[in-house]
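Laboratory data are not the source of any read-out in this text; all were calculated from the coordinates shown. This is a predicted model, so every value here is computed, not measured. Note that each Cβ is placed from the backbone with ideal geometry, even for glycine, and that neighbours are counted across all protein chains shown.
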Amino acid sequence: MKINNKLKTSSILNRESSYAVEQSSSNSFKLMINAGKKTAKEIQSNYKKTKTLILCGIGGNGGDGFITAQELLNKGWDIEVAIIGNKNKIKDDSLKALKKLKINTHDFKDIQLEKIGLFVDAIIGIGLSRNIKDNISKVLKIIDNHNSPIVALDIPSGIDCNSGKILGYAAHCELVITFSSLKYGHILTPGSEKSKNIKVINIGISRSVLNDISPSINLNIKKYWINNIKWPKIDDHKYSRGFSLVVGGPKNMTGAARLAAISAQRTGSGIVCVAVEKNAEQIYFITLLSQIVKTYRNIEEFTSIINEKRINSIVIGPGLKENNSSILKVKSTLKTNKKILLDAGAISCFKGKLKTFKNIIADKDVIITPHEGELNAIMPEISGNIIDKALNAAEQLGCIVVLKGATTVIASPNNKALVNCAGSKWLSTAGSGDVLAGIIGGLLSNKMDSYLAAAFGVWLHSEIGNYLGPGLIAEDIPIYIKKILKKLL
């Protein structure tokens, strides 16, 4: 999915927020006219004149389609319009739009499909919340199997705007022209897979209206963190660049922490230390080179290591077992009042202990990086799509939540989130999450703002995944951190 967004906003709205934005206008029919005119202009820009079938539903999306049809007719296009649904139920702005149409509409069954060079899907739009009817599914399947491309207005019909779920059937669209902002359904899987290209157009909604929408959800793009990256200065040394500590896993789980440690150093930590259990020290000593290894035999010695004054950030969780010993280590780590990243085992060991977890992270500078399974383990009552879950968890826990998945969400307790679009499918490999934990830990060590460090870290991780592609394994990722960083610099 490629997003072409010439607007300066990167907002992502759900259905309710989208309706609130539209209702901010005193003239809803003017918005519909603007939507149709600008859609027609985009179609003209992207396609040569061809016989075009515009499929219009009986709601607002159909109204946008009627205006689009008339605008293309005015430009000399060969247009046919088929109404999908009961024409007698069209009302309000959509009826006004239909009355402006200067050609007769047809039943879909009467269209000579072999002559159609382009389809425009204006059947349902963002209002869908239950499975589409069989007659609509049938139409969508027919055009999906046709050789001609499909352009969708606002969102492909059949996709739930709030969840990205396919409610019955949705056709694959070459271009989606959406109004004012992106919608959840464009970004969340599997709905995101139905759009090859998305273009966001302004239909007359002021940017201030979009900025006032809460929660504030935006694409995770460079403008949010690019100026906050702490590049080394000419007079920096290893300690001034940042000191990260990674808590190592036991003897049979050393790989995760080693990946995290190397990634932290690649991302900018001037010095990285790994705190390891005495019986696992040999593996770490043999396999790590420029990273320091410190060993401990008990919680007292562990506490002494993590309280080193020069340490700026601590990553704990990669390779950590889910037991009481781990809980003690997490509690001790949080008492240091340093920047802390909790991953994997450091989260899962609090299953059934949510109250304790909330208490120990309260008022701390903490990032947690669970996938949905790990989050559900400690917060089983949480529900909704991945964006809602991340925001809810961040608010309840009072910390930054990086909820990992095909789409990854970085949410803060103050009701804002950045969303990293799905696409880096090659990152679905063992150890990838440990690398991400180390990347963010390294950024935290050189004093980058925690929310922005999390967002930049997720973006960097994703970019490397896209760059490396097929055959990627976790060990590859740290090596290519430098390549993406050099491009940014």
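Quick rundown of the values:
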quantity	calculated
Which of Phe302, Phe179 has the fewest Cβ neighbours within 10 Å, and the rest in rising order	Phe302, Phe179
Nearest 10 degrees, 0 to 90: helix 386-397 Cα axis against the chain principal axis	40 degrees
Cβ crowding within 10 Å averaged over residues, with 261-269, 475-483 ranked highest first	261-269, 475-483
Residues Asp93, Asp78, Asp134 arranged by fewest to most Cβ contacts within 10 Å	Asp134, Asp78, Asp93
Note, ³J(HN,Hα) from phi for the range 449-461, Karplus 6.51, -1.76, 1.60, rounded to Hz, x at Gly and Pro	3, 4, 5, 6, 5, 5, 5, 5, x, 5, 4, 4, 4
Residues Asn415 and Lys102, FRET efficiency given R0 of 41 Å [Cβ-Cβ distance, rounded to 0.05]	0.30
Sum of side-chain charges, Asp78 neighbourhood, beta-carbon under 12 Å (Lys, Arg +1; Asp, Glu -1)	+4
Helix 60-74 vs. the chain, principal-axis angle (Cα, 0 to 90°, nearest 10)	60 degrees
Cα-based shape type of the range 2-213, given that a ≥ b ≥ c are square roots of the gyration tensor eigenvalues and the cut on a/c is 1.5	rounded
Amide hydrogen neighbours beyond the local backbone of Lys199, cut-off 5 Å, H modeled	Asn4, Val176, Ile177, Thr178
Dipole of the chain [Lys/Arg +1, Asp/Glu -1 at C-beta], most positive-end residue of Gly345, Asn323, Leu288	Leu288
In sequence order, calculated HN-Hα J values of the range 462-469 (Karplus, 6.51, -1.76, 1.60; Hz; x Gly/Pro)	5, 4, 5, x, 5, 5, 6, x
Amide H contacts under 5 Å for Cys173, placed H, 5+ residues apart	Ser195, Lys196
Karplus (6.51, -1.76, 1.60) ³J(HN,Hα), θ = phi - 60°, over the range 87-97, in Hz, Gly and Pro reported as x	4, 5, 8, 6, 8, 6, 4, 5, 5, 4, 5
Glu372-Arg297 pseudo-label distance in nm [points 7 Å out on the Cα-to-Cβ vector]	4.7 nm
Partner lysines for Lys141 [C-alpha distance under 23 Å; skip if fewer than 8 residues away on the same chain]	Lys51, Lys87, Lys109, Lys115, Lys133, Lys165, Lys194, Lys196
Listed residues Asn376, Leu488, Thr407: farthest to the positive end of the dipole of the range 223-488 (Cβ charges)	Leu488
All aspartates and glutamates inside 19 Å of Lys339 as judged from Cα atoms, apart from same-chain residues fewer than 8 positions distant	Glu308, Asp363, Asp365, Glu395, Asp434, Asp449
Förster radius 22 Å - calculated FRET efficiency between His146 and Asp110 (Cβ-Cβ, nearest 0.05)	0.85
Amide H contacts under 5 Å for Ile54, placed H, 5+ residues apart	Glu80, Val81, Ala82, Val120
FRET efficiency estimate (nearest 0.05) - Cβ-Cβ, Ser25 to Lys51, R0 41 angstrom	0.75
C-alpha long axis of helix 255-267 to longest principal axis of the chain, angle in °	80 degrees
Stretchable slack from Lys278 to Trp231, in nm (0.36 nm times residue separation minus alpha-carbon distance)	13.4 nm
Residues Phe66, Phe357, sorted so that the one with the fewest Cβ neighbours within 10 Å comes first	Phe357, Phe66
